[in-house]
Amino acid sequence: MSGWVQDGGPGQVASGAPGPVASGSPGPIVGWEVPSTLPGLSVRETIGSAWRIYRRNAPVFVALAAIPAIAVALTLVPSMVIFTRTIKTMVAIVQHLDAVALRTDPQGYDLFIQQQIQAAARPESELLVLSGVASGLAVLVGVIGAALLTAAALDGIDGRRPSVRDAFRALDAHGRTLMLPALILGVASILLTIAPIALTPSFDSPAFDSPSLARATALSSLLGLAGFLVAIVVVVFAVRWAVAIPAILAEDLGLRAGLSRSAALTHGIRLRITLAFLVYGVVYGFVGFSIAAIVAVVTGFATRSVEGGVAAYLVVGLLVGMVFGPLGTAMAAHIYRLRAPLQAEAPATEPDASLGLHPGD
């Protein structure tokens with residue numbers, strides 16, 4: 001049995017049909033009971049259903065994905081400039097290694113090389129701030145893009161023909177609800193981007209010595225650990241709220257109600273959701289990175305410039321994101337549409353059964 005337990009007791013489901021009487025002490029008046037069977041929610045079924053949703057409406061998905069993808073690519077330009085300068089400086093350091101100085105004063109020359117490497121990895125403050133602000137804008141644009149793609153995916157699942165215009169209408173109707181979390185995430189991204197480098201002491205001070213290096217190393221380790229813990233927290237809440245955007249769009253909910261709805265819908269299946277998105281992320285990341293890296297290396301050698309390779313990587317990454325990025329939002333929409341009928345009356349328009357949906361299970 002699955003569904004919301006109503007006032008009638010644990011043997012009554014949301015639809016009013018009697019169910020088996022639970023043994024033992026009764027649970028809370030209202031609560032979630034994990035379904036005994038969860039058809040359509042295996043990793044293979046989730047990704048497969050999302051692929052079928054995407055394949056049937058590929059032109060609309062690619063068009064919608066292009067808008068945030070281009071905006072995100074533009075926000076990555078400062079980071080690409082930093083990366084390009086770092087690579088060029090590293091190459092110059094290797095090319096100008098002084099073997100004589102290394103033999104005569106190995107400790108002093110080693111400290112000199114450390115200073116050069118740190119200077120290469122530490123961009124100008126203005127460029128660092130610009131990169132941090134750009135990363136925050138990328139998060140904001142990403143949330144908007146996810147809402148557009150989710151609206152199109154829900155239309156496709158529910159038997160409607162997705163369109164760019166309808167997706168923007170859905171975004172316009174729920175824009176205020178989605179902007180607050182997008183802004184919060186954007187500001188957090190800015191802080192997390194700038195803080196690690198800003199707090200790390202510089203190696204180029206004349207008074208820099210071994211104890212200073214030890215303190216800098218310890219601080220970098222602490223910042224890395226803090227970043228790892230933050231990443232774990234982000235993943236936990238991302239899975240808990242994986243279907244918040246579909247719930248907000250489909251049920252016209254506010255932010256708090258949408259998050260609560262997602263928490264209820266994902267209860268009992270969060271491990272499956274994690275595995276499904278992990279597989280999708282690994283495949284998407286590996287394929288995207290491999291293609292972009294190969295094209296970047298070939299272009300870099302062909303043009304004999306680091307800038308050419310970085311530009312090629314950015315363009316190919318943009319194209320890969322436009323093609324494969326919509327699958328993630330289609331997966332979230334698929335999970336939502338499978339779970340929502342379990343806790344609410346079935347929608348007037350039955351979902352497309354060929355997409356792997358089983359209303360009423």
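The values are calculated or read from the model by the stated rules, or taken from the named source; none is laboratory data. Quick caveat, the model's predicted, so the values are computed rather than measured. So basically every Cβ, Gly included, is an ideal-geometry build from the backbone, and we count neighbours across all protein chains shown.
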Among (1) modelled with pLDDT of 90 or more; (2) assigned to a loop (DSSP other than H, G, I, E, B), where does residue 268 come up short? (1)
Name the one entry in 311, 292 that is of a type outside the set (Phe, Trp, Tyr), over 28 Å from residue 60 (Cβ atoms) and crowded, with 18+ Cβ neighbours inside 10 Å. 311
Report, by residue number, each residue of segment 59-75 that is under 18 Å from residue 131 (Cβ atoms) and either more than 17 Å from the chain's Cα centre (by Cα) or of a type in the set (Ser, Thr, Tyr) (or both). 74, 75
For segment 276-295, state whether one or more residues are within 25 Å of residue 153 (Cβ to Cβ), part of a helix (DSSP H, G or I) and polar (S, T, N, Q). no
Given (1) modelled with pLDDT under 90; (2) part of a helix (DSSP H, G or I); (3) of a type outside the set (Asp, Glu), identify the lone condition not met by residue 239. (1)
So, residue 351, is that one buried (at least 18 other Cβ atoms within 10 Å of the Cβ), of a type outside the set (A, V, I, L, M, F, W, C) and modelled with pLDDT of 90 or more or not? no
Take the conditions at pLDDT 90 or above and farther than 30 Å from residue 77 by Cα and apply them to residue 327. Does it pass? no
Can you confirm whether residue 40 is at pLDDT below 80, surrounded by 15 or more Cβ atoms within 10 Å (Cβ to Cβ) and not charged (D, E, K, R)? yes
Result of the Cβ filter at 9 Å on segment 59-86, keeping first residues that are more than 30 Å from residue 115 (Cα to Cα) and in contact (Cβ under 8 Å) with a residue 60 or more places away in the chain and partners that are surrounded by fewer than 18 Cβ atoms within 10 Å (Cβ to Cβ) and among the charged types (D, E, K, R), at least 6 apart or interchain, is 60/161
Filter pass, residue 302 being surrounded by 14 or more Cβ atoms within 10 Å (Cβ to Cβ), out of contact with any strand residue (DSSP E or B) (no Cβ under 6 Å at 6 or more places or on another chain) and in a helix (DSSP H, G or I): no
Quick check, is residue 249 buried (at least 16 other Cβ atoms within 10 Å of the Cβ) and free of Cβ contacts under 8 Å to residues at least 12 places away in the same chain? no
Which residue is surrounded by the most Cβ atoms within 10 Å (Cβ to Cβ), if the candidates are limited to segment 272-288 and must be of a type in the set (A, V, I, L, M, F, W, C) and in contact (Cβ under 8 Å) with a residue 24 or more places away in the chain? 276
How about segment 137-180: which of its residues are surrounded by 21 or more Cβ atoms within 10 Å (Cβ to Cβ), of a type in the set (Val, Ile, Thr) and more than 22 Å from the chain's Cα centre (by Cα)? 157
Residue match in segment 221-234 (condition: among the aliphatic types (A, V, I, L, M), farther than 24 Å from residue 188 by Cα and at pLDDT 85 or above): no
